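Enquirer: Here it is, the structure, as structure tokens.
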Amino acid sequence: MLFPAQQDSAGPRPLEPLANRVWATRKPLWADRLACAWLIRRFVDPEGRITWLDKAQAAPQHAIGFAFDGAHFRNSATRVTYEEMLERLGLARNRALARIGRIVHYLEVQRSPVPEAAGVQTLLQGARRRAGGEDELLREAEKTFDLLYDAFYEPASR
């Protein structure tokens, strides 16, 4: 999978490969960052490595940043980072992923209520309390996002 890099003052940069990359985001982890990490591991770069940055810590060189100011993938005026990733990576037409996006959006910005959001919030809070660190928190959250995806997924009719 390739993605177009963010434009900068020098113009657009070439497409960047997304296989076996280092992905970086900031602590603390909540719905958007956890959903992005799940999306990366499940659909974008299963062999990639995710690193968790402290607030002032710089991302490793050549890492793909997500869900913080200045990252490759970040919030827009209307979408959280997870929704931006879906759009930029060509995954927005996947209805199950889009439904998860609406839940994540609500958990982050508290607009446009989604019926499932309260339950997902409770599960993520439990995962946060149970986890002994960021990697363990992601493993717990992945269970929630996997179950949501399986519940929402509708195979194409033949």
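Only the coordinates and a few stated rules stand behind these numbers; no lab work does. Worth saying up front: this structure is predicted, and the values here are computed from it rather than measured. Positions of Cβ are generated from backbone atoms using ideal geometry, with glycine treated the same way; all protein chains shown enter the neighbour counts.
Enquirer: List the trypsin sites (Lys or Arg not before Pro) within the stretch 64-121 that DSSP assigns to loop and that have no more than 13 neighbouring Cβ atoms inside 10 Å.
Expert: ARG93, ARG111
Enquirer: Could you tell me which label, among (i) 132; (ii) 122; (iii) 151, carries the value of volume of the Cα convex hull per residue in Å³ calculated for this structure?
Expert: (i)
Enquirer: Here's a follow-up. Kindly work out what percent of the DSSP beta bridges joining two residues of the chain are antiparallel, to the nearest 5.
Expert: 35 percent
Enquirer: Hey, got the dipole for the chain? About the Cα centre, +1 on K and R Cβ, -1 on D and E Cβ, debye to the nearest 20? Spell out each step's value before the answer.
Expert: Working: 23 positive and 20 negative charges, 35 e Å.
Here the size comes out at about 180 debye.
Enquirer: For the chain, what does the relative contact order come out to in percent, with C-alpha contacts under 8 Å and a separation of six or more? List each step's numbers first, then the result.
Expert: Working: 217 pairs, mean separation 32.2, N = 158.
Computed value for the chain: 20 percent relative contact order.
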